[in-house]
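Have a look at the structure below before the remarks.
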Amino acid sequence: MTTVSLLTASPYDGTTASAGLGGAVIVVMLLVYVAIMALAIWAYVRVARKAGYSPWWALGAFVPLLNLVVFLVFAFGEWPIERELHDLRSRVAYLESSGGHGQLGVRFGSGGGALQSTPPATAWPSGPSGSLG
């Protein structure tokens with residue numbers, strides 16, 4: 001075969017070497033596509049977990065129109081991790097306003113949020129000599 005006939009031959013008739021090359025290109029492109037999709041799913045799952053959502057939300061990112069809803073929920077909704085942080089901050093504020101003593105004698109100090117162990121308000125029952133036990 002001449003060079004001109006290779007350039008003008010149809011890749012679909014299966015008689016030229018270019019037919020095998022076309023199949024190899026499709027396979028390589030498919031493998032690259034699968035690798036990119038796997039990376040994207042992995043990244044979406046990581047973001048969903050860090051935000052406190054179920055990893056199943058990642059599948060919504062690949063469904064047309066549902067991906068817009070998932071994006072809007074992630075962008076403008078309150079994340080579960082934010083809700084948990086708000087609850088913990090309100091608990092700490094309550095404990096600090098109630099004299100600084102929580103349950104089991106743990107006092108929340110003002111030194112950068114560090115916990116300080118203090119004896120509870122009511123100590124263990126003591127014996128006649130004042131010692132424990």
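The values are calculated or read from the model by the stated rules, or taken from the named source; none is laboratory data. Note that the structure is a prediction, hence the values are computed from the model and not measured. Glycine also receives a Cβ, built like all others from the backbone with ideal geometry; neighbour counts cover every protein chain displayed.
Results, tabulated for the structure shown:
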| quantity | calculated |
| --- | --- |
| Residues that are of a type in the set (A, V, I, L, M) and not in a helix (DSSP H, G or I), drawn from segment 50-66 | 61, 63, 65 |
| Residues (of a type outside the set (Phe, Trp, Tyr) and touching a Gly at 6+ places or on another chain (Cβ under 7 Å)) located in segment 70-79 | 70 |
| Only one of 82, 96 that is at pLDDT 85 or above and acidic (Asp, Glu) | 82 |
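Yes/no matrix, rows are residues, columns are (1) modelled with pLDDT under 85; (2) in contact with a Lys or Arg (Cβ under 6 Å, 6 or more places away or on another chain); (3) of a type in the set (Gly, Ala, Ser):
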residue: 5; (1), (2), (3): yes, no, yes
residue: 8; (1), (2), (3): yes, no, no
residue: 47; (1), (2), (3): no, no, no
residue: 51; (1), (2), (3): yes, no, yes
